[in-house]
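J.: Here it is, the structure, as structure tokens.
The values are calculated or read from the model by the stated rules, or taken from the named source; none is laboratory data. Quick caveat: nothing in here was measured; it's all calculated off a predicted structure. With ideal geometry, Cβ positions are generated from the backbone for all residues, glycine too; neighbour counts draw on all protein chains shown.
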Amino acid sequence: MQHPPRGMRLPKALAAAAVAGLTAVSVSLGSPVASADPVPPAPAPAPTPAPADVPAAAPAPAPVAADPAAPAPPPADPNAPPPDPAAPPPPPPEPGRVNNAAGGFSYVVPAGWKVSDNTQLSYGQALLTKIPDPGAQPPSDTSVLLGRLDLKLFAGSESDNGKAAIRLASDMGEFFMPFAGTRQDQAAGPLDAAGMPGSYSSYDVKFTDATKPDGQIWAGVVGQADPDTVRQRNPQRWFVVWLGSAGHPVDKAAATALAQSIRPYTPPPPPPAPEPDPNAPPPPPGRAGIGVPVPVTDAPPGMTPGG
């Protein structure tokens with residue numbers, strides 16, 4: 001038995017205490033620490049099989065190559081002024097505003113009314129009709145006309161907006177209410193459509209036939225009344241004619257708001273025509289012009305002219 005070198009012997013009391021401590025640990029564990037078997041590692045969980053009905057993920061599509069024949073995007077205009085960072089943002093679109101390209105104006109449809117088919121109009125470019133109650137028929141004794149005040153109407157020849165409104169109300173009243181009667185409650189006044197001057201004229205008609213309800217009309221004109229431009233093809237003046245009756249009276253406040261909502265409108269230019277495709281087949285030959293001889297290439301053998 002080999003002993004520790006001299007000078008390394010432990011005191012007897014300390015050695016006895018170490019042996020006693022080791023014995024207590026061995027008793028508490030049930031077996032000597034040095035002879036304990038190693039704990040086997042836990043088995044790895046088996047992989048969960050994928051459901052049979054789940055299809056495999058499709059491979060990502062390959063990137064689409066650029067078409068070499070596609071036209072290049074137009075370059076930015078080097079002469080265009082840069083956007084002004086201090087400029088206010090454009091106003092949001094106004095609810096209910098409708099653009100009328102044929103008449104060159106826009107307007108806000110009154111509440112309770114809708115834009116209707118204007119193909120049968122004799123005057124103007126827009127027709128509004130009242131929205132009926134659920135299950136009811138639309139009323140036939142009230143409607144609104146809007147359009148450009150050109151020379152199709154006699155009122156278009158009046159350079160003064162006040163006179164034009166009075167003439168328009170008178171002519172339209174006779175056209176839509178061609179019955180004997182007396183005009184009552186005539187009124188007139190100015191209009192202002194965002195700086196464009198205007199005027200209106202209105203009256204009621206009490207018909208001689210007592211079975212007919214009283215008729216009503218309100219006519220307004222807005223725009224620049226210039227004596228030198230009255231006879232232009234597209235004058236910058238527009239009209240509103242609101243027709244009603246005692247059963248469906250004219251809403252004069254709504255008529256005024258409608259006329260004063262009119263704004264000039266210029267439709268955007270059409271998009272440019274696409275460039276011709278150089279790879280497209282040539283178009284089929286057209287018919288020959290008058291007086292141009294046409295060679296006969298499909299005549300029957302007996303009809304072939306001798307040569």
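J.: Which of the residues belonging to the range 123-142 are within 18 Å of PRO249 (Cα to Cα) and in contact with a helix residue (DSSP H, G or I) (Cβ under 9 Å, 6 or more places away or on another chain)?
T.: Matches in the range 123-142: LEU128 only.
J.: Sticking with this structure for a sec: Take the conditions part of a loop (DSSP other than H, G, I, E, B), surrounded by 14 or more Cβ atoms within 10 Å (Cβ to Cβ), within 30 Å of the chain's Cα centre (by Cα) and free of Cβ contacts under 8 Å to residues at least 40 places away in the same chain and apply them to LEU121. Does it pass?
T.: Yes: the conditions hold for LEU121.
J.: If you don't mind, another one. Pull up the range 132-154, narrow it to residues that are surrounded by fewer than 20 Cβ atoms within 10 Å (Cβ to Cβ) and among the polar types (S, T, N, Q), then point me to the one that is nearest to PRO235 (Cα to Cα).
T.: The extreme case among them is SER143.
J.: Consider only pairs whose beta carbons are under 7 Å apart and that are at least six residues apart or on different chains; among these, list those whose first residue lies in the range 287-307 and is of a type outside the set (S, T, N, Q) and whose second residue is modelled with pLDDT of 70 or more.
T.: Listed by first residue and then by second, the contacts come to ALA288/VAL294.
J.: Does any residue in the range 165-181 that is buried (at least 16 other Cβ atoms within 10 Å of the Cβ) come within less than 8 Å, Cβ to Cβ, of a residue that is among the hydrophobic types (A, V, I, L, M, F, W, C) and assigned to a helix (DSSP H, G or I) six or more places away or on a different chain, and which pairs are these?
T.: Correct list of pairs: ALA165/ALA155; ARG167/PHE154; ARG167/ALA155; LEU168/ALA155; ASP171/PHE154; ASP171/ALA155.
J.: OK, next. Note down all Cβ pairs under 7 Å where the first residue falls in the range 128-141 and is under 20 Å from VAL109 (Cα atoms), the second is β-branched (Val, Ile, Thr) and surrounded by 10 or more Cβ atoms within 10 Å (Cβ to Cβ), and they're at least six residues apart or on different chains.
T.: LEU128/VAL109; LEU128/VAL115; LEU128/VAL144; LYS130/THR142; PRO138/THR129
J.: Which residue pairs have Cβ atoms under 8 Å apart, sit 6 or more places apart or on different chains, and have a first residue in the range 73-98 that is on the phi > 0 side of the Ramachandran plot and a second that is modelled with pLDDT of 70 or more and of a type in the set (Val, Ile, Thr)?
T.: Qualifying pairs under 8 Å: GLY96/VAL108; GLY96/VAL109.
J.: Read through the list (1) free of Cβ contacts under 8 Å to residues at least 24 places away in the same chain; (2) under 38 Å from the mean Cα position of the chain (by Cα), then give the number of the only condition that SER261 fails.
T.: It is condition (1) that SER261 fails.
J.: Okay, moving on. Please determine, by comparing only the residues of the range 56-110 that are part of a loop (DSSP other than H, G, I, E, B) and either in contact with a Pro (Cβ under 7 Å, 6 or more places away or on another chain) or surrounded by 10 or more Cβ atoms within 10 Å (Cβ to Cβ) (or both), which one is modelled with the lowest pLDDT.
T.: Checking each candidate, the answer is GLU94.
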